[in-house]
């Protein structure tokens, strides 16, 4: 028995056989989560992309037709990057808030809890799949905007596009995981979407510059973490932002660390996941 344990063929009960990262298991769960939303890509990728493009059409026609300029750019160019990242973060939240919740409702939560995956690996797979969906939605919207007349959305600062796009999506993915752990039915997740995510997204300076607001509402906008995601991502395309870009980048990194630690603690505790 001892010889078999040392050779890795068979270990004694209770002895971990995977002492580091379970890469095959992590990859399998990630692929499973990606395939889950990709099977209904008409609903999870194309529909959000079309909705975002409709925002661009409506607001650019209604508010940008008179040659309106914002931060020295045409209104269409100003609003386009914000719409791209808004679609990304909303879909990152939608994906991660669904995984564990549907498992609890359908009684298949054991499929997440029983495999030989650590809490960190489980979290990484779900967040990674959510960020993948966000990137696909963002790329779809960006490519479609290339053919929209009067809109110029070529990146100027690639690092800002990648940093704020990926970390913004991770932020909402972590929030979605926390929501799926807390929620007991779809109404709970919908309440977070309708009363937290959607209002903070729309009031984050996507369609306007916060510099045009009164001092009180400008201060309130700067307290909205979504504002730094929108502003920093827009900086990547326009080279101009409503806030200090480096401050937003550091703040977003710290928020992700805190959110990731909170999600890990919730998964480890088994709150609302294990009987």
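Using only helices, what value at 222 nm comes out for the chain when you add -39,500 (n - 2.57) per DSSP H run of length 4 or more and divide by the total residues, to the nearest 500 deg cm²/dmol?
Calculated from helices alone, the mean residue ellipticity at 222 nm is -22500 deg cm²/dmol.
Work out how much length residue 184 to residue 105 would gain on full extension: take 0.36 nm times their residue separation and subtract the Cα-Cα distance, in nm to one decimal.
That pair, residue 184 and residue 105, stretches by 27.7 nm at full extension.
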Rank 123, 139, 29 by mean-square fluctuation in a GNM of the chain with C-alpha springs under 10 angstrom and give only the top-ranked residue. 139
Which labelled figure in (i) 80, 35, 35; (ii) 46, 40, 40; (iii) 85, 36, 34 is Cα extents along the principal axes in Å, once derived from the coordinates: (i)
Which angle from 0 to 90°, rounded to the nearest 10, does the C-alpha axis of helix 119-145 make with the longest principal axis of the chain? 30 degrees
In degrees rounded to 10, the 0-90 angle between helix 158-182 Cα long axis and the longest Cα principal axis of the chain is 60 degrees
Out of 212, 124, 173, a Gaussian network model of the chain with alpha-carbon springs under 10 Å gives the largest mean-square fluctuation to 212
Fewest first, what order do 23, 182 take by the number of other Cβ atoms within 10 Å? 23, 182
Theoretical FRET efficiency, 1/(1+(r/R0)^6), r = Cβ-Cβ of residue 253 and residue 219, R0 22 Å, to 0.05: 0.45
Once you keep just the Cα pairs under 8 angstrom separated by 6 or more residues, what percentage relative contact order results for the range 23-269? 27 percent
For the chain, find the longest principal axis of its Cα atoms and tell me its angle to the long axis of helix 75-106, 0 to 90°, nearest 10. 30 degrees
Cα→Cβ-extended label distance, 7 Å offset, between residue 41 and residue 152, nm: 3.2 nm
Highest-fluctuation residue, 126, 170, 114 considered, GNM on the chain with Cα pairs under 10 Å: 114
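Read-outs throughout are calculated quantities, based only on the coordinates presented, and are distinct from any laboratory measurement. Source: prediction; values computed, not measured. Because the Cβ atoms are built from the backbone with ideal geometry, glycine has one as well, and the counts that use them run over all protein chains shown.
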